[in-house]
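The values are calculated or read from the model by the stated rules, or taken from the named source; none is laboratory data. The model shown is predicted, which means the values in this text are computed figures rather than measured ones. Neighbour counts are summed over all protein chains in view; Cβ atoms, including those assigned to glycine, are modelled from backbone coordinates with ideal geometry.
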Ligand code: ADP
Ligand code: MG
């Protein structure tokens with residue numbers, strides 16, 4: 001059994017990439033076989049794992065556009081026990097290049113088909129848009145994790161995301177589910193953060209993970225060292241939170 005999870009929210013800066021890196025690593029620490037796939041042209045997940053996205057020969061771009069075998073693109077990070085399919089800036093053009101292509105929504109799903117069973121969890125870090133790249137992720141995925149930032153307008157845009165998920169369910173991937181909603185960048189000292197948690201719980205009910213990711217400077221620093229938080233600062237609140245989230249994800253997904 002394996003589970004493909006898209007980490008999606010078309011808003012930028014809500015914690016998608018931070019969640020992909022740190023949930024991915026924490027799942028690996030729990031003994032799971034993990035593959036993290038970067039489909040954001042900005043390649044933040046790639047560099048956050050310490051991989052330089054410049055001048056890579058095999059990336060999600062070559063996989064999606066040139067039908068390169070995804071096995072060529074997988075980088076196994078031995079010290080983290082995590083596999084990564086890196087992205088590159090070339091992917092910025094893919095949104096348009098995909099438009100006339102045959103089975104344009106299914107290209108990631110097809111690419112993952114042969115390797116899916118080699119992993120317990122495949123996490124896909126989506127770009128901040130609802131274009132064809134995100135559609136590819138939602139089509140390839142069994143479920144979606146939606147990170148929501150505890151900030152002003154937290155719920156804004158979520159109707160659009162839910163509509164897209166429902167459209168994909170109807171026409172491309174009938175079994176797609178919401179895996180969970182994770183609240184990020186929580187600041188216990190502000191009423192606003194507390195209000196956002198309440199609102200999101202009203203809307204998504206038991207889909208909301210008990211674990212709430214606090215705002216933690218160390219989480220913001222870790223990517224520039226190319227490390228997950230649990231390697232960069234294992235005793236930080238951020239590390240603790242993502243380790244807890246991984247346990248909760250496993251409990252719920254039962255894989
Ligand atoms: P997205 O992928 O949704 O655009 P990111 O995960 O890249 O969002 O997060 C946006 C910025 O906020 C990044 O600079 C990241 O390091 C920082 N960040 C993410 N989560 C936290 C957190 N819990 N506490 C502090 N900074 C965070
Ligand atoms: Mg990102």
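Identify the residue in region 41-56 that is within 16 Å of ligand 1 (Cβ to nearest atom) and free of Cβ contacts under 8 Å to residues at least 60 places away in the same chain and, among all such residues, is farthest from residue 16 (Cα to Cα). The selected residue is 53.
Answer yes or no as to whether residue 40 is surrounded by 23 or more Cβ atoms within 10 Å (Cβ to Cβ) and in a loop (DSSP other than H, G, I, E, B). Answer is yes for this residue.
When restricted to residues that are surrounded by 22 or more Cβ atoms within 10 Å (Cβ to Cβ) and assigned to a loop (DSSP other than H, G, I, E, B), region 139-182 contains 3.
Every residue, every condition in (1) surrounded by 15 or more Cβ atoms within 10 Å (Cβ to Cβ); (2) modelled with pLDDT of 95 or more, yes or no:
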residue	(1), (2)
188	no, no
202	no, yes
207	yes, yes
210	no, yes
214	yes, yes
223	yes, yes
236	yes, yes
241	yes, yes
252	no, yes
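This table checks each residue for (1) out of contact with any helix residue (DSSP H, G or I) (no Cβ under 8 Å at 6 or more places or on another chain); (2) crowded, with 23+ Cβ neighbours inside 10 Å.
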| site | (1), (2) |
| --- | --- |
| 8 | no, yes |
| 16 | yes, yes |
| 23 | no, yes |
| 31 | yes, no |
| 36 | no, yes |
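If you go through region 191-220 one residue at a time, how many are more than 15 Å from ligand 1 (Cβ to nearest atom) and in contact with a strand residue (DSSP E or B) (Cβ under 6 Å, 6 or more places away or on another chain)? Number of matching residues: 5. Looking across region 225-234 at every residue that is more than 16 Å from ligand 2 (Cβ to nearest atom) and part of a helix (DSSP H, G or I), the one that is surrounded by the fewest Cβ atoms within 10 Å (Cβ to Cβ) is identified as 225.
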